[in-house]
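The structure appears right after this line, and notes come after that.
The values are calculated or read from the model by the stated rules, or taken from the named source; none is laboratory data. In this text, all values refer to a predicted model and were calculated from it rather than measured experimentally. Cβ coordinates were reconstructed from backbone atoms using ideal geometry, including for glycine residues, and neighbour counts include every protein chain displayed. Keep in mind that these areas ignore ligands, DNA and RNA; they rest on the heavy atoms of the full protein, side chains included. Shrake-Rupley method; radii C 1.70, N 1.55, O 1.52, S 1.80 Å.
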Amino acid sequence: MPSSVADAWPENAWISRAERPVQTATSGPLAGLRFAAKDNIDAAGFATTAACPAFAYEPARHASVVQRLLDAGAALLGKTNLDQFACGLNGTRSPYGAVPNAIDPAYVSGGSSSGSAYVVATGEADFALGTDTAGSGRVPAGLNNIVGIKPSKGLISARGVVPAAQSVDCVSIFARTVDVAARVLAVAQGHDAEDPYARRLAMATTPLPAAFRFGVPAPLAFCGDALAEQAFAEAVERLRALGGTPVAIDYAPLAGAAALLYESALVAERYAAVRGFVDAHDDQIVEPVRSILLAGKGYSAADLVDAQTRLRAFGQQAAAMWDGIDVLLVPTAPTHYTVAQMQADPVALNRNLGAYTNFVNLLDYAAISVPSSLRPDGLPFGITLIGPAGSDWQLADLGQRYHHATGLTLGATGLPLPPPVPIAALQPAATVDVVVVGAHLSGLPLNSQLTERGAVLLRADETAPDYRLFALPGTVPPKPGLLRVAPGRGARIAVEVWRMPATAYGSFVALIPPPLGIGTLSLADGSQAQGFVCEPLALEGAQDISHFGGWRAFLRDRATA
């Protein structure tokens, strides 16, 4: 039986390369981009090996996704190495050799899409296709300082892909930036009647709220890796700075679902995917892939039904978490291992790498892995953002914002991140600009009514010189009233302009007590916006404080009186 090569070398990233890039169109949305395909994805003119030479065959046509990319102007460079039959998360389970990490070659690249991640991280390809059943489109991204999109199941056709577990397989995308990965996804997606698991999905087309809630698993474990734990704590704070509020979620149902992938009859699907070859040539399969595949033979149909029912039960339990969060944040991998460590303990350490990935496809979620930091020891640390099926564009948008907030360079190239590019498939959310004049100003008692609805401060401003400001007696907290007066009898009053999601505007207005209300205000530059006004009758006998020029100045004067 062949065994994996002990040493990891850069050339191991490729299984086959074209003498000249394969290109069928010179124009299109991906023109000028070069890509590689994991060698369990068919490309006519290349043997498909699934990292098993005895399994190799010559496909008659390109996989659906490869054809779409070529039609869009991209050029195919060749086929990349993988953990054999896409079974593994580390990149050492291949007779073509172990693939090194792009940042530190002593460490694993992550798998099974090891070669695809390596050639992107090093700049040999602009993007690459991988596959993801249990995390193979995310773990290699996290360990190589690149982006990995794991799309919603069925969004990209898997026709022409050697299956690992066909009902949960996804074609994944690696790139050095979210922009490129998202552009590839926009081309690659599309229903394909030749794929039994393809589906038409209703995609979310508005960004996540400016103020969003992100789930953080409790408890979290990092396999004793203190640097990874520190890196994740920093990631939580960075996401908080982007407008997020962390929410602890119970990880038990997600962990329960993840365990079923290899520790139940669900593993029978891996055996079924290549059973004809396994039954005839199991001596040509490397360990521990051989043992994993053969384990699938021992389960009955009743065992599989039982495992599927248990999975549905975990899914029902996990679904409740989406009532309290907009997105889930996890470490892409809880730690990082050397090639030597992995080969000395290939099953347990591989399982550790999938601690926060295995459940995602089983529970029908979308995900994106983005770089987060370089640890003090120089190793990359990545985070994964997870959402319900169809949230792919929302995740890409937040992932791009997060990636650009890190200040990291691109993969292993040392090149700076280019400017972010808006996600084309997202439509800007409808907003309302609200002018506030009193207790809703920044730092004052009612400002939280704005921020908790996702409102953001646009600018400090002034009204047109046509208003008077009054201190309303007996209000708690103290509030002013703004009144429009005849030209020449008013003053400019300091205000703030806040932008609020239109979906939150109604609930905000409902909080405003009489005699205050919302009307149209004129600003100093001649523009108009919705803002606070007051009923004239309520101002009879109220103190005119217009000479202070604004509510803050009045409060300061009263505090020092």
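A few comments on the model shown:
- Gyration tensor verdict on segment 364-504 (Cα atoms; rounded if a/c is under 1.5, prolate if a/b is larger than b/c, oblate otherwise): prolate
- Spatial separation of Cα centroids for segment 460-522 and segment 386-407, in angstrom: 36
- Extending 7 Å from Cα along the Cβ direction at Asp250 and again at Arg199 yields two label points whose distance is 2.5 nm.
- Karplus-derived HN-Hα couplings along segment 349-362 (A = 6.51, B = -1.76, C = 1.60, θ = phi - 60°), whole Hz, x at Gly and Pro: 6, 4, 4, 4, 5, x, 4, 10, 10, 4, 7, 5, 5, 4
- Mean-position separation - Cα centroids, segment 310-379 and segment 54-86, in angstrom: 27
- Two-site label geometry, Cys223 and Arg312: point separation in nm, points 7 Å out along Cα→Cβ: 3.4
- A Förster radius of 51 Å, combined with the Cβ-Cβ distance separating Asp557 from Gln230, puts the computed FRET efficiency at roughly 0.60.
- Normalised by the number of residues in the chain, the mean separation of alpha-carbon contacts (under 8 Å, six or more apart) gives a relative contact order of 14 percent.
- In the context of the full set of protein chains, segment 82-213 has a per residue accessible area of 22 Å² (1.4 Å probe).
- Phi to ³J(HN,Hα) by Karplus 6.51 cos²θ - 1.76 cosθ + 1.60 over segment 83-90, Hz, x for Gly, Pro: 4, 3, 6, 6, 10, x, 10, 10
- Range in the chain, longest, excluding exposed trypsin sites (Lys or Arg not before Pro) [loop by DSSP; at most 13 other beta-carbon atoms within 10 Å]: 201-488
- Accessible surface, per residue, of segment 305-395 when the full set of protein chains is kept, probe 1.4 Å, Å²: 32
- Against the main long axis of the alpha-carbon atoms of the chain, helix 551-560 sits at an angle near 70°.
- Whether segment 199-314 is rounded, prolate or oblate, judged on the alpha carbon gyration tensor where a/c under 1.5 counts as rounded: prolate
- Measuring nothing but protein heavy atoms, the accessible surface of segment 395-537 at 1.4 Å probe radius is 60 percent carbon and sulfur.
- Helical runs assigned H by DSSP (4 residues or longer) give the chain a calculated mean residue ellipticity at 222 nm of -8000 deg cm²/dmol, each run adding -39500 (n - 2.57) before division by the residue total.
- Of all accessible heavy-atom area on segment 251-295, the percent that carbon and sulfur account for (1.4 Å): 52
- Spin-label pair Glu19/His281, simplified geometry with 7 Å Cα→Cβ offset, distance in nm: 2.7
- Counted charge near Thr357, where neighbours are those whose Cβ lies closer than 13 Å (Asp, Glu -1; Lys, Arg +1): +2
- Sites excluded, GluC sites (Glu not before Pro) in DSSP loops with at most 14 other C-beta within 10 Å, longest stretch of the chain: 195-451
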